[in-house]
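Everything on this sheet refers to the single structure shown next.
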Amino acid sequence: MKNTKKISVLVTILFLCVFLGGPVFAAKKPVVVYTSLETEETVEYLKLAEKELPDLDIKIIRLSTGELGARMLAERNNPQADLVWGWAVTNMEDFRDRGLLEKYKPKGWANIPDKFKDPNGYWAAIDLYMAAFVLNTEVMAKGNLPKPKGWNDLLNPVYEGKLIMPNPASSGTGFLQVASLLEMLDPDYAKKPVKKNTGWEFLEKLDKNMGQYIKSGSKPAKLTAAGEYAIGCSFAFVYSSLKKRGSPVEMVLPEEGAGYELEANALLKGAKHKREAKKFLDWAIGESAMREYAKFKLGVTLPGIPGPADLPQLETIKLAPMDFPWQATNRGEILVVWQDKFLR
Amino acid sequence: MNTSGKEAYGVSATSLLVDKYILTGVTILVAFLLVFFMLFPIYKILVLSFFKEGVLTSENFSLGNYIRYFGTPRIARSLYNSFYVSVVTMAVTTILAFFFAYALTRTTIRGKGFFNTVAFMPLIAPSIIQALALILLFGRNGLITAHLFKVDWSIYGAWGIVISEVLYCFPHALVILYTTLSAVDTRLDEAAESLGASALQVFWRVTVPSAKYGLLSAGALTFNLTITDFGNPVVIGGDYNVLATEIYAQVTNLYRFDLGATVSVILLVPSVAAFMVNYYVTRKSFALISGAARPFIRPSRPFRKWGFTIYCSLVSASIIMVFATVVMGSFVNVWPYDWSLTLKHYRFPSLGGYSAIWTSFWISLFVGFLGAFFTLIAGYIVEKKKPFGVQILYLLSVMPAAIPGLVLGLGYILAFNRPYFFFYGTPWIIVICVVIANFTLGTLSSISNIKNIDPSIEEAATSLGATSISTFVRLVFPLSRVAFFQNFVYFFMRCMTTISAVIFLVSATVHLAAIEIIWLDNDGWTASADAMSTCVIAIVLLMLGLLRLVMGKGSSHVMGGAGG
Amino acid sequence: MPKNLRLRDLTKVFGTLVAVSHVDLDVQEGEFVCFLGPSGCGKTTILRMITGFETPTSGEIMYDGKVINDLVPQKRDFGIVFQSYALFPNMTVLENIAFGLKMRRMPRDKITARVDEILNLIGLKDWRNNYPAQLSGGQQQRVALGRALAPNPSVLLLDEPLSALDAKIRVRLRAVIKRLQQELGITMVYVTHDQEEALAIADRVVVMEEGVFKQVGPPIEIYKNPQSGFVADFVGISNFFEGQHQDGIVRLKDTQFVVPQAQSLSDDAVILSIRPEKIDVLDPGKPGKDLQSSNIMNGKIEVVTFLGAVVRILVSSANGEVIVDMVEKDFEQRQLNRGDEVDMYFPPDAFVVYPLE
Ligand SMILES: Nc1ncnc2c1ncn2[C@@H]1O[C@H](COP(=O)(O)OP(=O)(O)O)[C@@H](O)[C@H]1O
Ligand SMILES: [Mg+2]
């Protein structure tokens, strides 16, 4: 029973700790950033941002493209974030139309080519990232599997169960892969309902070989690197980071044309720290930031900055014709059809 | 004798005046908190699922969402899938736990303390570590599947979910069955045996029927835990879609909050039903518990002893294997190729990283204190004070167990994301959500503790002039401090490990360790997810150890739990 | 002016159960009143109404001329001692006793003085820093007594304070309570189901049955003149005989008794009761001098029980079993054994007569 006093002292101390040790209010001004950039790169960019924007206290959350969108929608009456950084343009356009974005042309707006920014100033893209196949050379060799050149080769039955691709509903990478196929395989894609697109037939055949549809866009590459699958439909930059780490991987860009996506920044309507947000957005399309992006991305939107040395240069790559406005309008429909067809 | 001049000192009139209203005030406050933070979000979900745009008018009423749900085979299958894994898990877990409890209560095997401790280990870890471990062992590139047996088989899907849920639910079912079996008089068995019944007959005719309420209750709880769990299915389910993951997918992938709400309501139905079964059965089973239960057990025959020892060892080994795998996975360079040890996975490739662990820790402390405090008050009011309408308060207090964490979290977004709810987007919303989500067990354990306080102690205090507040502070609280600290640990543990309740609520300002685990795993940083899990486990263990140190032995034994 | 405690037409109903039914009582200041009755007859309920833990369904509780029905327990200034001691297990003896004083915001030095006073009174000075769990049952109950007395209550209410203790300590503590009551001159209301205890300790005994007062009076009066079969049966032990009464003679199955006081009854069917110690066992063949020969009955000793100073024998007779208490010395002299035939004498004035209900 003598413990009671001891305990109350302990409780008091604990509570004091909680209050004293809790968030110490810094002189820095907060800015709340939402991003879908890969965690790995974001960590690097943030190091730079903190150096170059010392008076900002950058609070950031990284969620997948879909999760981030859901969050912004849920919070539309009471926005928690000030800006979104590095988010797929397809979704950007959709959200612009839903009225969640606020016009802001950051400093350096003029330096970004027109095709990489919204004519009305709602968003500005910073980079382009590209669909790519990541192969595990060991698994390929062990299974004596031929090296694919493009999407069509993946239909080969030898790959049955050995492929993995992202779920387009949750992953931006997955979406751009599916969208690029729908656009490339059906010349009339824009004229008919999504359901009638002839590209679905290809995807249905591909489904037979697909081992799993997974939530994140980088995970197919990572699981492939870990030896769980032979080929992961993923994106280019994750390949180079895996390669650096010594995983037995190789990259193939589909010969039919690589789907790609622009990642853009925008100011959110109702931002509580507008001034700080603008400051961040200015920085985010500035040259130093762009140079940092270019260490990871195949291409950045500021002209004259070369991509990473270990990836092919952008000019040499055959790109799929990406129709972002069509994708934005039909994203929901594409996902519903895809889910109904391919999710078990 | 009348030297002390009693006229001069009386009980203060103001404190008595306050006393008159304090009980009503506190009761209303607790009830209000529960209504506001539990029923209001659920109400929002119901409205959103039944009314277009969530606007409550008669012309907006529509069953469209439900028609769409049941009309889309893929989505509708999530209901079947959920039932399938939950029923299988329920059956397997209940049977496994029953024999385990039987071995601990009815045989004289050695090492009971060890088996008991191991069995409760899953409670101290985030529920997904089962899934993480199973993938490392039985994944497509699993140590056992791909490297030991070189089979092209993987655990992703229904089986993965079932196995990880069995491991996760095991301690919860065990608590109930252990209590039931130790409460039933073993002389019943002996009496039957002396009447010439064979061991098998005794088992089927006497032991099992006498534990039937325990079995039902354990089954219902397991069903509820499985059907509401989000962490395991999302990690190991692969393409296998269950209700909880479907809610998440509808909301985050398709931005269909209305369908998410609809699936939530559909998930609420079985989970509330399981809760009711459990609630009803628990009340009944009190009648079966005879005071004459006897701790002494006859020495078991050797083959029986060995059989049960092997059985318990196997079950314990599976649980230890989960923990060992995850901890190992966090330290080896590249599982399962390069076994050299490294700390590199502890440099978390995430934005939260160690600050997430730190945040989790502080938030859990708050949850621990507030949860233990409010459940003690609720238990006290329900058990001792019984004001007008106490039944409502009781119902409100035990109801959270029926509400899946994910549904509660979704409800919070729908209900509280308004500028005037200042707590939204702060750590407080997480504190509140976790406290509410785990309110049931906290209240029940407070009640059972407060039951043991002799009612005349309080009356003695009152007659000596103590107000309700001083009675509570000076007597009820000190006398239930063991329960208080048990509840503290329970809430702390739940907050460190819970995923479903908070996944919608973490934000740019508040990162939590348990959610980081999911994200790390999502991004393919499995080893770092293992490392983060290891950190969480270490912190929970540290807290348990600290409490045991302060409280003396036997107080850190926290059992049971509800909610995913 | 003395401060009396009064119950006026007090009734308590739980649902359909009438726990206490229209009772009236005046307890004088400084009086020791004892409620006696079988378990479940409503004693505790009355006590709880007096303390304020139950609200009367109807009727009034008055203290010092004022109705206190709605007064909260804290304001009633009554001390309570429970059967279960109800000591605060998290506090030492000292803290337990000081509790009521602290609640009254008495200054610290006065509390110390008062606690010392109480500790002396209950004789537990050396135990002040012990926790209740370290004390024996008897000591715990003394602490409970001291704790209740510390704030100097105007009335002390005790609900079966001794029933949890063993016989020896019970008797000793009984004396302590009685002494305290007399020294302090405090009003005490004491509840018990033990008739011996009630008779030994109280100034006035209230015998209860099923929520009503059967008889109220001094112990001697209750014992000697039970006004009903229930009281006679409950208070002490009695032998009962059913019979037909006519002109001072009561006919039983097999014999008849002369009972002059039966004439005061108008009924024919009566019950006779007689205490075991009033019955004489006659020396064989030597009927006493001035005995009513009709009041002698013959029987056979069936059971012999030694109760210390008395020996209780159970005699079977043609009119049923009769319990007789003999002084141990007499019993020894006579050398009676099980199976012996004896003659018993029933003195006429020892009978109490009731109508057959
Ligand atoms: N709170 C209550 N609710 C319902 N019935 C009660 C309550 N308290 C007492 N009773 C009933 O009233 C009767 C008298 O009880 P009580 O006063 O405790 O008897 P006693 O103290 O003489 O043994 C009993 O039948 C008891 O069951
Ligand atoms: Mg009683």
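To the nearest 10 degrees, how steeply does helix C:137-149 sit against the main Cα axis of chain C, on a 0 to 90 scale?
60 degrees
Within a 10 angstrom radius of each residue's Cβ in B:361-371, how many Cβ atoms of other chains show up on average? Whole number is fine.
Counting other chains' Cβ atoms within 10 Å and averaging over B:361-371 gives 2.
Percent of alpha carbon pairs in region B:160-245 separated by more than 19 Å? Walk me through the intermediate numbers first.
Values: 1910 of 3655 pairs.
Above the 19 Å cut-off, region B:160-245 has 52 percent of its Cα pairs.
Quick one: work out Rg over Rh on the C-alpha atoms of region A:154-254, Rh as Kirkwood radius.
Checking Rg against Rh, the ratio lands at 1.00.
Peptide A:69-77: average number of partner chain Cβ atoms within 10 Å per residue? The partial results should precede the final answer.
Numbers: counts 4, 12, 8, 1, 5, 9, 5, 1, 3.
Average per residue, whole number: 5.
Mind checking the dipole of chain A: about its Cα centre, +1 per Lys or Arg Cβ, -1 per Asp or Glu Cβ, Debye to the nearest 20?
With only Lys, Arg, Asp and Glu charged at Cβ, the dipole is about 1380 debye.
Would you work out which of A:Gly69, A:Trp85, A:Leu154 lies farthest towards the positive end of the dipole of region A:53-171? Charges go on Cβ: Lys and Arg +1, Asp and Glu -1.
A:Leu154
Grab the DSSP H runs of chain C that are 4 residues or longer, score each as -39,500 (n - 2.57), total them, divide by all residues and round the 222 nm result to the nearest 500 deg cm²/dmol. Intermediate values should be presented prior to the final figure.
Working: 10 runs with 96 residues, N = 357.
That calculation yields -8000 deg cm²/dmol at 222 nm.
So, in Å, what gap is there between the alpha-carbon centers of region B:91-134 and region B:212-239?
For region B:91-134 versus region B:212-239, the Cα centre distance is 15 Å.
Taking the beta-carbon count within 10 Å as an exposure proxy, list C:Ile237, B:Ile450 from fewest neighbours to most.
Taking fewest neighbouring Cβ atoms as first place, the list is C:Ile237, B:Ile450.
Provide the net charge surrounding B:Gln130, with neighbours chosen by a C-beta distance below 15 Å and charges set as Lys +1, Arg +1, Asp -1, Glu -1. Each step should come with its number before you reach the end.
On the way: positive: none; negative: B:Glu165, B:Asp229, B:Asp521, B:Asp530.
Residues close to B:Gln130 contribute a combined charge of -4.
Nearest 0.05, what FRET efficiency do B:Phe99 and B:Leu341 give at R0 = 35 Å with Cβ-Cβ as r?
Values: r = 38 Å, r/R0 = 1.08.
So the FRET efficiency works out to roughly 0.40.
Quick one: what do you get for chain A if you divide its Cα Rg by 2.2 N^0.38 Å? Walk me through the numbers on the way to the answer.
On the way: Rg = 22.5 Å, N = 344, 2.2 N^0.38 = 20.2 Å.
The reported ratio for this selection is 1.11.
Which percent, to the nearest 5, of DSSP beta bridges fully inside the protein assembly as shown are antiparallel? Show your work: numbers first, answer last.
Working: 85 of 120 bridges.
Around 70 percent of the beta bridges assigned by DSSP in the protein assembly as shown are antiparallel ones.
With just the Cα atoms defining each centre, how far is region B:476-497 from region B:361-388? Give it in Å.
About 9 Å separates the Cα centre of region B:476-497 from the one of region B:361-388.
Report the Rg/Rh value for region B:212-265, based on alpha-carbon coordinates and the Kirkwood definition of Rh. The partial results should precede the final answer.
Working: Rg = 13.7 Å, Rh = 12.2 Å.
Radius of gyration over Kirkwood radius for region B:212-265 works out to 1.12.
Beyond 27 Å between alpha-carbons counts as too far, so tell me which of A:Lys341/B:Lys44; A:Lys47/A:Lys274; C:Lys278/C:Lys329 fall in that bin.
Beyond 27 Å between Cα atoms: A:Lys341/B:Lys44.
Ignore the peptide's own chain and count Cβ atoms of other chains within 10 Å of each Cβ in B:451-457; give me the average, rounded.
For peptide B:451-457, the averaged partner shielding equals 4.
What Kirkwood Rh does chain C have if only Cα atoms enter the pairwise 1/r average? Answer in Å.
The Cα-based Kirkwood calculation yields 23.1 Å.
From the phi angles alone, apply the Karplus equation (6.51, -1.76, 1.60; θ = phi - 60°) to region A:249-256 and give each ³J(HN,Hα) in whole Hz, x where the residue is Gly or Pro.
Residue by residue, region A:249-256 yields 10, 9, 10, 10, 9, x, 5, 5 Hz.
Sort B:Ser12, A:Ser240, C:Ser58 so the one with the fewest other Cβ atoms within 10 Å of its own Cβ comes first.
In increasing order of surrounding Cβ atoms, one gets C:Ser58, B:Ser12, A:Ser240.
Give me the dipole magnitude in Debye, nearest 20, for chain C about the Cα centre, with unit charges on the beta carbon: positive for Lys and Arg, negative for Asp and Glu.
That gives chain C a dipole magnitude of about 1900 debye.
Over 25 Å between Cα atoms: which of A:Lys29/A:Lys269; C:Lys66/C:Lys224; A:Lys117/A:Lys279 fall into that group? Walk me through the numbers on the way to the answer.
On the way: A:Lys29/A:Lys269 19 Å; C:Lys66/C:Lys224 36 Å; A:Lys117/A:Lys279 18 Å.
Distance filter (> 25 Å) returns C:Lys66/C:Lys224.
Which value does Rg/Rh take for region B:421-564 over its C-alpha atoms, Rh per Kirkwood? Each step should come with its number before you reach the end.
Numbers: Rg = 18.9 Å, Rh = 17.5 Å.
Computed over Cα atoms, the ratio is 1.08.
Counting only other residues whose beta carbon sits under 14 Å from that of B:Ile363, what net charge do I get with K and R as +1, D and E as -1?
0
In whole percent, what relative contact order does chain C give with Cα contacts below 8 Å and a gap of six or more residues?
Contact order relative to length: 15 percent.
How fast does region C:11-166 diffuse by Stokes-Einstein, in µm²/s, taking the Kirkwood radius from C-alpha pairs at 4 °C and 1.567 mPa s?
77 µm²/s
What is the fewest-to-most order of A:Trp326, A:Trp338, B:Trp153, A:Trp87 by other Cβ atoms lying within 10 Å of their Cβ?
So the ranking, lowest neighbour count to highest, is B:Trp153, A:Trp326, A:Trp338, A:Trp87.
How big, in percent, is the set of alpha carbon pairs in the protein assembly as shown lying more than 45 Å apart?
I get 53 percent for the Cα pairs in the protein assembly as shown exceeding 45 Å.
Cut-off under 19 Å on the C-alpha distance; same-chain residues fewer than 8 positions from A:Lys142 excluded. Which lysines are left, in chain and number order?
The qualifying lysines are A:Lys162, A:Lys222, B:Lys150.
Towards the positive end of the charge dipole of region B:75-342, with charges on Cβ (+1 Lys, Arg; -1 Asp, Glu), say which of B:Val234, B:Gln130, B:Ser210 has the farthest Cα.
Final value for the positive-end residue is B:Ser210.
Which three lengths, in whole Å and largest first, does chain B cover when its Cα atoms are put on their principal axes?
Principal axes ranked by extent give 92, 71, 51 Å for the Cα atoms.
Springs between alpha-carbon atoms under 10 Å, Gaussian network over chain C: tell me which of C:Asp26, C:Asp77, C:Asp283 tops the mean-square fluctuations.
Maximum fluctuation in the GNM of chain C, among the listed residues, is at C:Asp283.
Using alpha-carbon pairs under 8 Å, 6+ residues apart, how would you state the relative contact order of region C:178-306 in percent? Intermediate results must be reported in sequence, preceding the final value.
Details: 137 pairs, mean separation 19.6, N = 129.
Reported as a whole number, the value is 15 percent.
Helix-only mean residue ellipticity at 222 nm, chain B, DSSP H runs n ≥ 4 weighted -39,500 (n - 2.57), per residue, nearest 500. What is it?
Mean residue ellipticity, 222 nm, calculated: -21000 deg cm²/dmol.
Stokes-Einstein D for region B:75-342 at 37 °C, 0.692 mPa s, Kirkwood Rh over Cα pairs, in µm²/s? Let's see the in-between values first.
Working: Rh = 20.2 Å.
For these conditions, the coefficient is 163 µm²/s.
What net charge is computed for the residues neighbouring A:Pro54, neighbours being all others with C-beta under 14 Å from the C-beta of A:Pro54, Lys and Arg scored +1, Asp and Glu -1? Please report the intermediate quantities before stating the final value.
Details: positive: A:Lys28, A:Lys29, A:Lys47, A:Lys51, A:Lys279; negative: A:Glu50, A:Glu52, A:Asp55, A:Asp57, A:Glu276.
Once all neighbours under 14 Å are counted, the net charge is 0.
Could you list log10 I(q)/I(0) for region B:114-176 at q = 0.14, 0.15, 0.18, 0.19 Å⁻¹, which the Debye formula gives when each Cα is one point scatterer?
-0.45, -0.51, -0.67, -0.72
Laboratory data are not the source of any read-out in this text; all were calculated from the coordinates shown. Computed from a prediction, not measured in an experiment: that's the story for all the values here. Note that each Cβ is placed from the backbone with ideal geometry, even for glycine, and that neighbours are counted across all protein chains shown.
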